[in-house]
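Below is one structure; the comments refer to it alone.
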Amino acid sequence: MGTSMATTPGTDAHHGWPPAALILRAARNLADETGSSRIALQFLSDYLDMLPARLQRILRGLQASDVETSMDAILSLKIASAMAGAFDVEACCHGIEALIRREQFPTAREDALALTINTLCLIKRTPGLLAGAQDALVPKS
């Protein structure tokens, strides 16, 4: 099975925003495991809807140099991103996680910029990403 992506065609190069993509293999795996493309699509929708709050929680924890809050928030986003196929976000979380473990909060706050950009790209493109996932996961009649 390939690594097709849900993207918003024709918009990724506009306004200096990098591409935002969900690797749909992860959603297909979830659909296969649950026997329902509806469940996989709902998970993707919920994931995208919760991104702003998750990002804010991470940023607040990092700003306060709060190991417990920061670690809980970054692990939650990292795991959900892996399940959603948002591997760029997952990779950012992985790097920040390592910095939190070493209590290197100034560097973690700097690295949070890449996480913020990747997250905002997904948020900005939520409708197109969900439409692409729907097209890929729901069988055509």
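The values are calculated or read from the model by the stated rules, or taken from the named source; none is laboratory data. The shown structure was predicted, so the numbers you read here are calculated from the model rather than taken from an experiment. With ideal geometry, Cβ positions are generated from the backbone for all residues, glycine too; neighbour counts draw on all protein chains shown. In case anyone asks, the SASA skips ligands and DNA or RNA and just uses the protein heavy atoms, side chains included. Shrake-Rupley method; radii C 1.70, N 1.55, O 1.52, S 1.80 Å.
Got a number for the accessible area of Arg57? Probe 1.4 Å, square angstrom, nearest 10.
Answer for Arg57: close to 90 Å² accessible.
Between Asn29 and Gln104, what is the label-point separation in nm under the 7 Å Cα-to-beta-carbon projection?
According to this spin-label approximation, the distance is 2.8 nm.
Which angle from 0 to 90°, rounded to the nearest 10, does the C-alpha axis of helix 24-34 make with the longest principal axis of the chain?
Helix 24-34 and the main axis of the chain meet at about 70 degrees.
In what order, largest first, do Phe43, Phe105 sit by accessible area if the probe radius is 1.4 Å?
From most accessible down to least: Phe43, Phe105.
Putting +1 on Lys and Arg Cβ atoms and -1 on Asp and Glu Cβ atoms, find which of Gly95, Ala53, Gln63 reaches farthest to the positive end of the dipole of the chain.
Of Gly95, Ala53, Gln63, it is Ala53.
For the residue pair Arg38 and Gln63, what label-to-label distance in nm results when each label sits 7 Å from Cα along the Cα-to-beta-carbon direction?
Each label point lies 7 Å from its Cα, and together they span 4.1 nm.
Mind putting a number on the dipole of the range 62-134 about its Cα centre? Charges go on the C-beta only, +1 for Lys and Arg and -1 for Asp and Glu, and I need it in Debye to the nearest 20.
The calculation lands at about 260 debye.
Which percent of the accessible area of the range 94-133 is formed by carbon and sulfur heavy atoms (probe 1.4 angstrom)?
On the range 94-133, the fraction of accessible area on carbon and sulfur atoms equals 59 percent.
Once ligands and nucleic acids are excluded and a 1.4 Å probe is used, how much of Asp135 is accessible, expressed in Å² to the nearest 10?
Taking all protein chains as shown, Asp135 has close to 100 Å².
With labels modelled as points extended 7 Å from the Cα through the Cβ direction, what inter-label distance (nm, one decimal) is found for His94 paired with Ile123?
2.4 nm
Order Ile123, Ile79 by their accessible area, 1.4 angstrom probe, all chains in place, largest first.
Descending accessible area places them as Ile79, Ile123.
What accessible area, in Å² to the nearest ten, does a 1.4 Å probe give for Met71?
For Met71, the solvent-accessible surface is approximately 30 Å².
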